[in-house]
Amino acid sequence: MNKYIDIIKNSYSDYWNYIKQSVLMELNWENYFYGLLLISLVVWGLEALFPWRKNQSLFRKDFWLDTFYMFFNFFLLNLIVLIALSNTAAALFNDILGVVGLSMANFKLLEINTLPFFARIFLFFIVVDFVQWWTHRLLHRVEFLWNFHKVHHSVKEMGFAAHLRYHWMEPVVYNSLKYIPLAIIGGFSAQDVAFVHFFNIAIGHLNHANINWDYGWLKYIFNNPRMHIWHHSKALPEERKYGVNFGLTLSIWDYLFKTNYIPYSGRDIELGFTGDEDFPKGFVQQELYPLNRKN
C-alpha cells in the first residue's frame with residue numbers, strides 16, 4: 001500500500017513541477033502550455049481571417065466556457081486526478097501480472113527504439129488514432145458512455161476551443177483503452193509523443209474551427225472542418241443515429257468503415273443532440289453530469 005501512496009504523491013509533485021517549468025519556459029519539446037497557446041492563437045487567427053459562418057462572432061457562444069475547458073482538461077485535470085490515477089493503475093496492472101509471473105515486457109512485440117525517427121512517429125500516430133477512433137464510436141454507441149460524451153456535443157456554435165470541451169471521464173476511457181496497445185509497442189521518447197500530440201491538437205483545433213476547409217484530396221486522409229461539422233449535427237438519418245465521422249485526426253477510418261457522411265455543406269446546420277435544451281449550461285453542472293442527472 002505504501003508503494004501506491006508514494007506513486008500518488010510523486011505524481012502530484014512531479015506534474016506540479018512540470019506545470020511550473022512549462023509556464024516559466026524551462027522546457028523545450030515537452031512545453032505543452034505554450035504549445036497549446038500558440039496553436040490556439042494561430043487557429044483563432046485563421047477563424048478571424050477566413051470565417052465560414054460570417055455572422056458568427058469571433059467570441060462565439062460559450063467561447064470563454066470552452067477556453068476554460070481547454071486549459072482545465074489539458075492541465076488542471078491531469079493535476080487533480082489523471083496523472084496519479086494513470087501511474088497508479090499502470091503500477092497495479094504490472095503488479096497483477098507479476099503475481100502470475102508476467103510483466104508488460106512479455107507482451108512487447110516490437111523494439112521501437114531500433115526504428116528511425118519518422119517510422120516511430122508514424123507507428124505511434126497510427127496506433128493512437130485507430131484506437132481513439134474505435135473509442136469514439138463506443139462513446140456514441142454505449143448509452144452510459146454517451147451520457148459523458150454529451151458534454152462535447154453540447155456545443156451550439158463551433159470554434160477551435162470546442163475541441164477540448166469534454167467530460168472528465170472521457171480521458172479515463174481513452175487512456176484506459178490505449179494503455180495495452182501502446183505498452184505492447186512501447187519505447188517512445190518524450191519527443192515522439194510531443195511531436196504527435198501537437199500535430200493532433202492542431203488538426204483537432206482546425207476540425208472545430210469556423211473555417212471552410214476540407215484540404216482537397218487530403219480530406220480522404222485527414223479530418224477537416226467540413227466533415228467534422230456533421231459529427232456535431234443535431235439531426236441525422238435514422239440509419240446514422242449513432243453518429244457519423246468519428247475520426248479525430250484521420251478521416252480514413254470513416255471512409256474505410258463506411259461511417260463517413262457529408263450530404264451537403266454543413267455550414268448552417270443546427271448542432272447538438274436531442275434534448276440538449278435541458279442540458280446543463282455551466283461548467284460545474286456539466287462536469288457532474290450524468291452522475292446527478294434525472295432519469
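The values are calculated or read from the model by the stated rules, or taken from the named source; none is laboratory data. Note that this is a predicted model, so its numbers are computed, not measured. Note that each Cβ is placed from the backbone with ideal geometry, even for glycine, and that neighbours are counted across all protein chains shown.
Just a few scattered comments:
- Yes/no for ILE126 being in contact with a helix residue (DSSP H, G or I) (Cβ under 7 Å, 6 or more places away or on another chain), surrounded by fewer than 17 Cβ atoms within 10 Å (Cβ to Cβ) and β-branched (Val, Ile, Thr): no
- Top-ranked residue of the range 25-53 - restricted to ones that are at pLDDT below 95 and among the charged types (D, E, K, R), ranked as nearest to PHE71 (Cα to Cα): GLU30
- Residues (out of contact with any helix residue (DSSP H, G or I) (no Cβ under 8 Å at 6 or more places or on another chain), under 23 Å from VAL42 (Cβ atoms) and polar (S, T, N, Q)) located in the range 183-240: GLN191
- Looking across the range 11-24, the residues that are farther than 21 Å from SER189 by Cβ and free of Cβ contacts under 8 Å to residues at least 60 places away in the same chain come down to SER13, LYS20, VAL23, LEU24.
- The residues of the range 139-178 that are among the β-branched types (Val, Ile, Thr) and in contact with a Leu (Cβ under 8 Å, 6 or more places away or on another chain), listed by number, are VAL155, VAL172, VAL173.
Matching residues to (1) part of a helix (DSSP H, G or I); (2) under 15 Å from the mean Cα position of the chain (by Cα):
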{"site": "ILE121", "(1), (2)": "yes, no"}
{"site": "ASP129", "(1), (2)": "yes, yes"}
{"site": "ARG137", "(1), (2)": "yes, yes"}
{"site": "PHE144", "(1), (2)": "yes, no"}
{"site": "ASN147", "(1), (2)": "yes, no"}
{"site": "VAL151", "(1), (2)": "yes, yes"}
{"site": "MET158", "(1), (2)": "no, no"}
{"site": "TYR166", "(1), (2)": "no, yes"}
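- Taking each residue of the range 74-98 that is farther than 30 Å from ALA161 by Cβ and looking for partners that are polar (S, T, N, Q) with beta-carbon atoms closer than 8 Å, six or more apart or interchain, yields THR88/SER11; ASN94/SER103; LEU97/SER103; LEU97/ASN106.
- Residues of the range 270-290 satisfying the condition of being more than 21 Å from the chain's Cα centre (by Cα) and surrounded by 14 or more Cβ atoms within 10 Å (Cβ to Cβ): ASP276, PHE279, PRO280
- In the range 216-295, counting only helices (runs of 4 or more DSSP H) that sit wholly within it, the ones holding 2 or more residues that are among the aliphatic types (A, V, I, L, M) and under 29 Å from PHE199 (Cβ atoms) span 225-231, 252-256.
- Positions within the range 44-64 being of a type in the set (Phe, Trp, Tyr), touching a residue at least 60 places away in the same chain (Cβ under 8 Å) and surrounded by fewer than 16 Cβ atoms within 10 Å (Cβ to Cβ), in sequence order: PHE50
Residues checked against (1) of a type in the set (S, T, N, Q); (2) in a helix (DSSP H, G or I):
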position: TYR18; (1), (2): no, yes
position: MET25; (1), (2): no, no
position: MET70; (1), (2): no, yes
position: PHE74; (1), (2): no, yes
position: ASN78; (1), (2): yes, yes
position: VAL81; (1), (2): no, yes
position: ILE96; (1), (2): no, yes
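- Scan of the range 188-223 for residues that are without any contact (Cβ under 8 Å) to a residue 40 or more places away in the chain, touching a Ser or Thr at 6+ places or on another chain (Cβ under 7 Å) and within 24 Å of LEU58 (Cβ to Cβ), ordered by number: ASN223
- Note on the range 148-177: residues that are surrounded by fewer than 17 Cβ atoms within 10 Å (Cβ to Cβ) and under 25 Å from ALA84 (Cα atoms) total 3.
- Scanning the range 190-224 for residues that are under 24 Å from ASN175 (Cα atoms) and either over 20 Å from the mean Cα position of the chain (by Cα) or aromatic (Phe, Trp, Tyr) (or both) turns up PHE195, PHE198, PHE199, PHE222.
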